[in-house]
1. Any idea what the relative contact order of the chain is, in percent, if you count C-alpha pairs under 8 Å spaced at least 6 apart?
2. How far apart, in nm, are the 7 Å Cα→Cβ label points at LYS121 and LYS94?
3. Please report, in debye to the nearest 20, how large the charge dipole of the chain is about its Cα centre when each Lys and Arg carries +1 at its beta carbon and each Asp and Glu carries -1 there.
4. Percent relative contact order of segment 316-404, based on C-alpha pairs within less than 8 angstrom and at least six residues apart?
5. Projecting each Cα onto the charge dipole of segment 338-423 (Lys/Arg +1, Asp/Glu -1 at the beta carbon, about the Cα centre), which of THR363, LEU338, SER374 comes out farthest on the positive side?
6. Given an 8 Å cut-off on Cα distances and at least 6 residues of separation, report the relative contact order of segment 43-265 as a percent.
7. Just one of (1) 26, 46, 21, 6, 0; (2) 25, 53, 22, 0; (3) 28, 54, 18, 0 is P(r) over Cα pairs in 20 Å bins from 0, in percent calculated from these coordinates, so which is it?
8. Would you order ILE373, ILE421, ILE101 from fewest to most other beta-carbon atoms within 10 Å of each residue's own beta-carbon?
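None of the figures in this text is laboratory data; all of them are computed from the coordinates on show. All values reported here derive from a predicted model rather than from experimental measurement. All Cβ positions, glycine included, derive from the backbone under ideal geometry; neighbour counts span all protein chains shown.
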Amino acid sequence: MKISNFNELAVNDLRKAGLLMAEAGLQAIDTKEAIKRAVFLRDEDLIIKDLKIPLSGFGRIFMVGVGKCALDAASALKDIFGDRLDGGFAYGIKPEEIPGIEVLVGDHPFPSDKNAENSEKIRRFLEGLGENDFVIFVVSGGGSALLSDPKDFDAEKEKEIMKKLFREGADIREINTIRKHISFVRGGNLAKAVYPAKAVSLIFSDVPGDTIEFVASGPTVKDTTTVADAEEVLRKYNIEIEENGLMETPKDDKYFANVLNILLVSNNVALEAMAKQAEELGFRPEIMNDVMDGEAAEAGKKICETLREEPSQTVLLYGGETVVVVKGDGKGGRNQELALSALRFVKDDELILTLASDGRDNTEAAGAICDIISKTRAAEKGLDPEEYLERNDSFNFFERTRDQIITGPTGSNVADLVIAIKQ
């Protein structure tokens, strides 16, 4: 069970149904299982989905995983390849022992000098490979912060830039456009580093719309943005950086001819699994949106308005990534903020469940449930959702009402999931 406080939350049939759907979504995107479903060896061929890659011509095979899925992916690949894997790196956010793989641990959600050192180590390793080598990359959400290695200024300056962008409500494409143009390892630079070796990149998308060049800032994907695009974002948010602090990303096609990028998992996998579970529970599911965006508080309101017009036994499913424009000094994330906003409008026979698929909604909570139980508990404690929204303090609100969803780090990351149910 991924949801550790499932039993504490499932106090009625409506809540249990929502939690079962959420659990189905999380199980469907489990990193180890996703790789074992899609990747295997057949004699001297590597099979990925319907693709066959002959390995007989390669002298050495390495893996380099970056992001929140890196450790579980490395463990799964080690099981698949065994001694055929000659080593590599799993670069994530927690320590773990993986025989034959060097585990690097970095800071998240903001970069650090340690991240820059780890990133340079990976880049130098890749630059030392030759044309008879083969690399399996695993790229997942969280990789942008880990792959720091900034140009002409330190990680602390990059951290300041990122904090301002998050605070102002910049979307992931704007943020990662900046990230690409201040790093020697993002925006196709790992593809450049590994050249002339051959590579395949397994991508776990946490970006709405699954535009793979923005997943972990596209380290193995040819970048379509330019320095001019990055400058435009900086101007929009009134951010200044050192002169010549931006760098152009690799544009020469030769660096990308040897790298095959494959989208392995996205939030559609979770949404479809949740829809299937909803049907099995007797509901009529509808996947409304897999590119949900905009302000979290506004999204919560709109989801409730849409649900209001639906017949009974309906489940509306959403995936994507909203933003929070920070006005106060509270604690929380976009999932809990969306749920807190929705609490103002949810009816007695309705439920909204929000979930960060990586298990951390900018806090130790993954998300929250809002329903009549949440409303009753809040009223009993004298908690005003409007006041907590004004402070961006959704974490403390739902901690007090005991409606937070707790999973711990899931080892998966396909952005956020929202379940809206009308009983």
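1. Relative contact order here is 17 percent.
2. Simple spin-label model gives 2.0 nm for this pair.
3. The dipole of the chain has a size of about 460 debye.
4. Averaging sequence separation for qualifying contacts and normalising by length gives 37 percent for segment 316-404.
5. SER374
6. The value is 20 percent.
7. Label of the calculated value: (3).
8. Details: ILE373 18, ILE421 26, ILE101 23.
So the residues, fewest neighbours to most, are ILE373, ILE101, ILE421.
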